[in-house]
Amino acid sequence: MMKGLKSMALASLCLLSFSSGGVYAQSNDATQTPQKGTIRNQLELDRIVAKIDQDVIMQSELDARVEAVHRQLASRNINLPPEDVLKNQVLEQLILENIQIQMGKRGGIRIDDWALNDAIARIAQRNQMTLEAFRQNLEADGLSFSQAREEIRREMILNRVRQRQVAQRVQVSEQEIDNFLSSPEGLAQAQTEYRLAHILIATPDNATPDQVQSAERLADDLSGQLRQGADFQALAIANSRGQNALEGGDLGWRKADQLPTLFAEQAINMTPGQTSDAIRSPAGFHIIKLMDTRGNKKVVQSQVHVRHILIKPNEIRSNLESQMQAKKLYQRVQAGEAFSELAKAYSDDTASALNGGDMGWISPETLVPEFQTVMNIIPEKVVSEPFRTTYGWHILEVLGKRQSDISTQVRRNQVRELLSNRKFEEELQVWLREIRDQAYVEIQL
């Protein structure tokens with residue numbers, strides 16, 4: 001268990017300190033005799049700053065995260081809040097992460113090395129770096145590659161826990177998509193992305209009127225400071241309880257499907273650089289700033305109209321027998337029998353068999369490589385000889401090819417993702433409050 005490992009680490013540190021003292025005491029070199037305070041400082045080098053259920057957060061973890069935040073903010077020229085404010089912000093973030101990590105362990109969530117290596121490779125690729133360059137860049141920022149690996153592993157666990165716990169609460173119907181597309185908001189948001197920054201002044205569950213009024217006064221005060229030209233990022237770091245507080249509240253570029261409803265309703269009526277008044281929600285009071293907008297391009301996709309007959313090996317038909325069956329059907333098509341009738345009678349692809357083997361207009365990228373290869377090389381209106389994929393033996397016919405504008409389909413998918421992510425973000429904040437309230441937390445900072 002993590003608690004056991006941390007306790008062992010602390011015990012080892014204590015043992016090392018006392019052992020070192022013994023060695024020094026036996027030395028003839030008086031300059032090596034430790035001061036009394038030296039051992040005490042070594043013992044106090046690491047200590048528990050918070051207890052969370054079955055685990056703890058150590059001072060070294062808090063210091064390491066605070067140092068990382070210092071580096072990040074300094075690299076972006078953002079003014080630092082008072083040290084005690086920053087430490088409290090970071091500690092609260094660590095507490096929430098720790099609760100989720102414990103949930104992941106109990107749920108059996110593990111990140112294998114191959115999955116971690118793949119994620120690191122993709123991060124390096126997105127930053128247009130080789131792995132070696134990525135490693136050197138990390139070390140230049142004061143973070144070892146092994147530390148970075150474990151931080152990325154931790155983030156992957158957090159994401160999986162959230163997906164498992166929160167995604168199941170989210171459902172989006174076709175009617176909701178239609179309603180959004182026909183709404184003023186949907187029409188206004190078409191082909192638009194937003195970059196927002198966010199400050200959350202949180203209120204507890206079942207907040208008293210005094211607590212609500214206190215949060216509202218703080219939110220109004222911050223709004224006033226922003227109207228006078230105060231730095232949004234600095235205020236977010238010092239005051240926000242949102243998940244992106246330590247990034248200056250920056251939510252990054254997000255499509256409409258990634259914005260909570262409250263934010264989207266405000267953003268469509270804002271201009272870049274504009275800051276909203278305080279917005280009330282069950283989580284507290286929000287202030288958002290629209291940093292910029294950008295549009296999306298028309299989506300054109302290559303599509304193929306194809307039909308096929310699939311013969312699958314099974315318990316009573318071997319692979320060789322399946323191949324022979326496919327050859328016989330191919331010969332019957334060549335002899336003039338209707339492809340569609342043979343597909344209805346013999347194809348094991350039940351989804352297309354009822355339509356005479358017709359798979360409709362599809363994107364080649366959705367098909368297995370062997371199917372794509374044959375589909376690309378045979379002329380239209382020509383039936384292929386039998387070929388094998390992981391599904392079995394196929395014969396196919398390409399009925400047509402086209403370049404299709406799938407912007408409408410993509411738009412619907414974007415709206416589905418938008419609504420899903422909005423609900424996810426809203427449910428995530430509720431869920432984080434729930435697990436924080438349910439956890440045993442003892443702060444010893």
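The values are calculated or read from the model by the stated rules, or taken from the named source; none is laboratory data. Predicted model only: the values in this text are computed from it and were never measured. Ideal geometry is used to build each Cβ from the backbone, glycine not excepted, and the neighbour counts take in all protein chains shown.
Remarks
- Condition check for T271: within 15 Å of R195 (Cα to Cα) and modelled with pLDDT of 90 or more: no
- Test set (1) surrounded by 13 or more Cβ atoms within 10 Å (Cβ to Cβ); (2) modelled with pLDDT under 95; (3) within 17 Å of I311 (Cα to Cα) - Q372 fails condition number: (3)
- Evaluation of Q444 against the conditions (1) at pLDDT 90 or above; (2) farther than 30 Å from R169 by Cα shows that the sole unmet condition is (1).
- Condition check for I406: farther than 29 Å from E176 by Cα and among the aliphatic types (A, V, I, L, M): no
- Beta carbons closer than 8 Å, at least 6 apart along the sequence or on distinct chains, never pair a first residue in the stretch 409-428 that is without any contact (Cβ under 8 Å) to a residue 40 or more places away in the chain with a second that is not aliphatic (A, V, I, L, M).
- Pairs with Cβ under 6 Å, 6+ apart, first in the stretch 332-355 and closer than 15 Å to E397 by Cβ, second of a type in the set (K, R) and surrounded by 13 or more Cβ atoms within 10 Å (Cβ to Cβ): A353/K344
- Each residue in the stretch 180-229 was checked for being among the small types (G, A, S) and loosely packed, with under 13 Cβ neighbours inside 10 Å, and 4 of them qualify.
- Residue list for the stretch 280-292, restricted to those being outside any loop (DSSP other than H, G, I, E, B) and buried (at least 17 other Cβ atoms within 10 Å of the Cβ): G284, F285, H286, I287, I288, K289, L290, M291
Okay, residues lined up against (1) surrounded by 19 or more Cβ atoms within 10 Å (Cβ to Cβ); (2) closer than 30 Å to T261 by Cα; (3) among the hydroxyl-bearing types (S, T, Y); (4) touching a helix residue (DSSP H, G or I) at 6+ places or on another chain (Cβ under 9 Å):
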residue: E385; (1), (2), (3), (4): no, no, no, yes
residue: Y391; (1), (2), (3), (4): no, no, yes, yes
residue: V398; (1), (2), (3), (4): yes, no, no, yes
residue: L419; (1), (2), (3), (4): yes, yes, no, yes
residue: R422; (1), (2), (3), (4): yes, yes, no, yes
residue: E427; (1), (2), (3), (4): no, yes, no, yes
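- Check on R169, modelled with pLDDT of 90 or more, closer than 27 Å to H286 by Cβ, of a type in the set (K, R) and surrounded by fewer than 16 Cβ atoms within 10 Å (Cβ to Cβ): no
- Odd one out for G252, checked against (1) surrounded by fewer than 14 Cβ atoms within 10 Å (Cβ to Cβ); (2) part of a loop (DSSP other than H, G, I, E, B); (3) under 28 Å from the mean Cα position of the chain (by Cα): (2)
- Candidate set: the stretch 293-305, residues that are among the polar types (S, T, N, Q) and within 23 Å of the chain's Cα centre (by Cα); chosen: the one modelled with the highest pLDDT: T293
- Which listed residue, of R217, R162, is modelled with pLDDT of 90 or more, outside the structural domain of L80 (by TED's automatic domain parsing) and not hydroxyl-bearing (S, T, Y): R162
- Here the condition is being of a type in the set (D, E) and without any contact (Cβ under 8 Å) to a residue 40 or more places away in the chain; of D141, D118, it holds for D118 alone.
- Number of the exception - L290 against (1) more than 36 Å from the chain's Cα centre (by Cα); (2) closer than 30 Å to L226 by Cα; (3) of a type in the set (A, V, I, L, M, F, W, C): (1)
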